[in-house]
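Report on the following structure.
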Amino acid sequence: MRIFDPHIHMTSRTTDDYERMAAAGVRALVEPAFWLGQPRTSAGSFTDYFDALVGWEPYRASLFGIRHHATIALNPKEANDPRCREVLGELPRYLEKDGVVAVGEVGYDSMTPEEDEVFAAQLALAIEHDLPALVHTPHRDKARGTERTLAVVRESGLEPGRVAVDHLNEVTVGAVAESGCWMGFSIYPETKMTAERMVHILREYGLERMLVNSAADWGRSDPLLTARTGEAMLAAGFTDDDVDRVLWRNPVEFYGQSKRLDLSDVDAADSFAGNSIRRGGS
Ligand SMILES: [Zn+2]
């Protein structure tokens, strides 16, 4: 089983995690920019973090044979802090960097007017820099948050096929499936979504535009839940090819739209993935 985790916060994980991930088949990942637990108090704290996401963290991943890419944005939570707003002016130079494959995570946390403004501004940056967008949906008031998210995406003019709406569940997946956006699911040990529930969703909605991630972060989470989902799919009668599609080819196709995915060594064993990278931008 080869795995591409399309949403995982390695900054908050240890080298033991990298080691276990590599052993479980994780060969590539995307680390979206998010908060640091402790609130940031200046734009400089963001730029040091962004530099780590495109410099230090890819190096750390490479020691375990894992290809690391990032998405860059002002996260929804900190969009509400005026001290952080200044970082919007710094984003364009990061969005030009090789290892940056999308704008994200953007979207809503508490659905404030400040979040509206920052979300729309960053979708405009995605269009300007010809990048896909990774959109976080709020953990509270999820259905309303997802509806509002899809409305903002529609207004932005960004093609739905270049947007992944993440942290979905049984309540929100239907609206996103209809919108034409990609559907992201974060599998957690206790909350949000389990591997078994994920298998049911795949049965009902099919495999197209489906992304499964572990989202592992500062909270209780498990970077191997992508592999567990693959195992649950096989146990439920999905084929190896189905698992490969969801856990590898789908994220390659989505982020391949940036034309910056570099999987030259890690996917050498399989030419199909290489084809989908080249196809990605079309
Ligand atoms: Zn996240």
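The figures follow:
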item: Residue that is open to solvent by less than 10 Å² (accessible area, probe 1.4 Å) and at pLDDT 95 or above, where the choices are 92, 132; result: 132
item: Test: residue in the range 232-246 that is within 16 Å of the ligand (Cβ to nearest atom) and either in a loop (DSSP other than H, G, I, E, B) or closer than 29 Å to residue 131 by Cβ (or both); result: no
item: Of all residues making up the range 41-62, the number that are in contact (Cβ under 8 Å) with a residue 12 or more places away in the chain and within 22 Å of the chain's Cα centre (by Cα); result: 11
item: Subset of the range 215-230 [near the ligand (Cβ under 10 Å from one of its atoms) and buried (at least 24 other Cβ atoms within 10 Å of the Cβ)]; result: 215, 216
item: Matching residues in the range 212-231 - criterion: being in a loop (DSSP other than H, G, I, E, B) and either of a type in the set (D, E, K, R) or without any contact (Cβ under 8 Å) to a residue 40 or more places away in the chain (or both); result: 217, 219, 220, 221, 222
item: Failed item, numbered, when residue 127 is tested on (1) of a type in the set (Val, Ile, Thr); (2) within 22 Å of residue 39 (Cα to Cα); (3) assigned to a helix (DSSP H, G or I); result: (2)
item: Members of the range 1-26 that are surrounded by fewer than 15 Cβ atoms within 10 Å (Cβ to Cβ) and in contact (Cβ under 8 Å) with a residue 24 or more places away in the chain; result: 15, 19
item: Residue count for the range 176-199, restricted to those that are in a loop (DSSP other than H, G, I, E, B) and either closer than 15 Å to residue 137 by Cα or away from the ligand (no atom under 14 Å from the Cβ) (or both); result: 9
item: Filter result (away from the ligand (no atom under 14 Å from the Cβ), outside any loop (DSSP other than H, G, I, E, B) and surrounded by 15 or more Cβ atoms within 10 Å (Cβ to Cβ)) within the range 200-211; result: 201, 202, 205, 210
item: Residue ID - most open to solvent (accessible area, probe 1.4 Å), chosen from residues in the range 27-39 that are over 16 Å from residue 70 (Cβ atoms) and either more than 16 Å from the ligand (Cβ to nearest atom) or aromatic (Phe, Trp, Tyr) (or both); result: 38
item: Total residues in the range 248-264, condition among the small types (Gly, Ala, Ser) and closer than 19 Å to residue 163 by Cβ; result: 2
item: Leading residue by the ranking (surrounded by the most Cβ atoms within 10 Å (Cβ to Cβ)) among those in the range 70-89 that are closer than 19 Å to residue 259 by Cα and in contact with a helix residue (DSSP H, G or I) (Cβ under 7 Å, 6 or more places away or on another chain); result: 73
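Yes/no matrix, rows are residues, columns are (1) in contact (Cβ under 8 Å) with a residue 40 or more places away in the chain; (2) within 16 Å of the ligand (Cβ to nearest atom); (3) touching an Asp or Glu at 6+ places or on another chain (Cβ under 7 Å):
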position: 75; (1), (2), (3): yes, yes, yes
position: 88; (1), (2), (3): no, no, no
position: 98; (1), (2), (3): yes, no, no
position: 114; (1), (2), (3): no, no, no
position: 124; (1), (2), (3): no, no, no
position: 147; (1), (2), (3): no, no, no
position: 154; (1), (2), (3): no, no, no
position: 162; (1), (2), (3): yes, no, no
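The values are calculated or read from the model by the stated rules, or taken from the named source; none is laboratory data. Keep in mind it's a predicted model, so treat the numbers as computed, not measured. Here Cβ is always computed from backbone atoms with ideal geometry, including for glycine, and neighbour counts include all displayed protein chains. Remember, those area values only see protein heavy atoms, side chains included, never the ligands or the DNA or RNA. Shrake-Rupley method; radii C 1.70, N 1.55, O 1.52, S 1.80 Å.
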